[in-house]
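The values are calculated or read from the model by the stated rules, or taken from the named source; none is laboratory data. Bear in mind the structure is a predicted one, so any value in this text is a computation, not a measurement. Here Cβ is always computed from backbone atoms with ideal geometry, including for glycine, and neighbour counts include all displayed protein chains.
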Amino acid sequence: MPQVLALDFDGVISDSLLEAYLLTWRIAGKLDPELALAGGRVPDPGNIHSFRDENREHWESFWPLVPFGNRAEDYLVIHHAVHQGMVIATQEQFDSYRKAFDPEQLDRFHEEFYRERYHLAEHDREGWVALNKPYPGVREAVETLSSSFELAVATSKDAQTVRALLHSYGMSALFGEGHVLDKSMGGSKRAHLAALRKIFNCTYGGITFIDDKVAHLIDCASLGVRLYMAGWGYNSSQEEELAASRNIAVLRIEDLQSLSTR
């Protein structure tokens, strides 16, 4: 029976947070002028690093909330929370705050987020790829693991973007046709893992799943999948402590390559 290794994409394979930060600033002010910078200034790939440095307080409040989000529209929720000075320390607090948002506004942000992403990828390919760098050592580790596991991606991103970035990383051939499961599967990683069980005709016990968001891992714990939290992703010591309290191992990037089937 095959052993399957399912990897989340953002925060596990790809360090894409700077791209999301860029897109959020470029879109949010169009939907809510309250969120726009004075003068309508927005960053671009050429100045996003200096823009982040100039807005360091915002960035330092923005990225710690990212583990609580799931889909693209959650960046709007996070942006609002930072703008309002909200203190959000748990998934429950984030989910409660999110419920107050107009679903139509969230849908519009989702659509604009992907429209802006595709436009950027088409018109400034080099700049776009530079905003989505693979974590150091991940490509080599996953290539090694491909000799022991069937590989898959389970992500709330879109497959088109994932495939384009995997190709730029030299990793696309490691993931077979139909083995990149994306946002079309829904927001739950349980749905992704259920689909992978059918695709590979394996048991849940034959699946190893690595994600950087502890909430996703906790949601999948009852399936019997072997779970790891990526300690190099978008999380903090608080998420690591929560993972440990649920008997979910925190995996270090230097140990990824030596991951065994059991």
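So which of Ser148, Ser156, Ser96 is among the hydroxyl-bearing types (Ser, Thr, Tyr), loosely packed, with under 15 Cβ neighbours inside 10 Å and touching a residue at least 60 places away in the same chain (Cβ under 8 Å)?
Of Ser148, Ser156, Ser96, the one residue that is among the hydroxyl-bearing types (Ser, Thr, Tyr), loosely packed, with under 15 Cβ neighbours inside 10 Å and touching a residue at least 60 places away in the same chain (Cβ under 8 Å) is Ser148.
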- Message: So Gly205 ticks every box in (1) closer than 23 Å to Thr144 by Cβ; (2) free of Cβ contacts under 8 Å to residues at least 40 places away in the same chain; (3) outside any helix (DSSP H, G or I) but one. Which box is left unticked?
- Response: (3)
- touching a residue at least 60 places away in the same chain (Cβ under 8 Å), surrounded by 16 or more Cβ atoms within 10 Å (Cβ to Cβ), closer than 25 Å to Asp15 by Cβ and basic (Lys, Arg), is that true of Arg117? yes
- Query: Under the condition of being surrounded by fewer than 18 Cβ atoms within 10 Å (Cβ to Cβ) and basic (Lys, Arg), which residue from the range 42-84 is farthest from Val129 (Cα to Cα)?
  - Reply: Arg56
- Note on the structure: Expected single match for outside the structural domain of Asn47 (by TED's automatic domain parsing), surrounded by fewer than 18 Cβ atoms within 10 Å (Cβ to Cβ) and either among the acidic types (Asp, Glu) or touching a residue at least 40 places away in the same chain (Cβ under 8 Å) (or both) among Glu122, Glu143 is Glu143
- Query: Which one is farthest from Arg71 (Cα to Cα), of the residues in the range 149-194 that are assigned to a loop (DSSP other than H, G, I, E, B) and of a type in the set (Gly, Ala, Ser)?
  - Reply: Gly170
- Number of positions in the range 12-41 that are in contact with a Gly (Cβ under 7 Å, 6 or more places away or on another chain) and buried (at least 23 other Cβ atoms within 10 Å of the Cβ): 1
- Task: With respect to Glu19, determine if the residue is under 27 Å from Leu227 (Cβ atoms), in contact (Cβ under 8 Å) with a residue 24 or more places away in the chain and assigned to a helix (DSSP H, G or I).
- Result: yes
- Within the range 45-73, can you find the residues that are part of a loop (DSSP other than H, G, I, E, B) and closer than 22 Å to Glu126 by Cβ? Pro45, Gly46, Asn47
- Number of the exception - Val42 against (1) of a type outside the set (S, T, N, Q); (2) outside any loop (DSSP other than H, G, I, E, B); (3) in contact with a helix residue (DSSP H, G or I) (Cβ under 9 Å, 6 or more places away or on another chain); (4) at pLDDT below 95: (2)
- Expected single match for surrounded by 19 or more Cβ atoms within 10 Å (Cβ to Cβ), at pLDDT 95 or above and not assigned by TED's automatic domain parsing to the domain that holds Ile207 among Phe175, Phe109, Phe101 is Phe109
- Failed condition for Glu92, given (1) at pLDDT below 95; (2) over 26 Å from Glu241 (Cβ atoms), with all others met? (2)
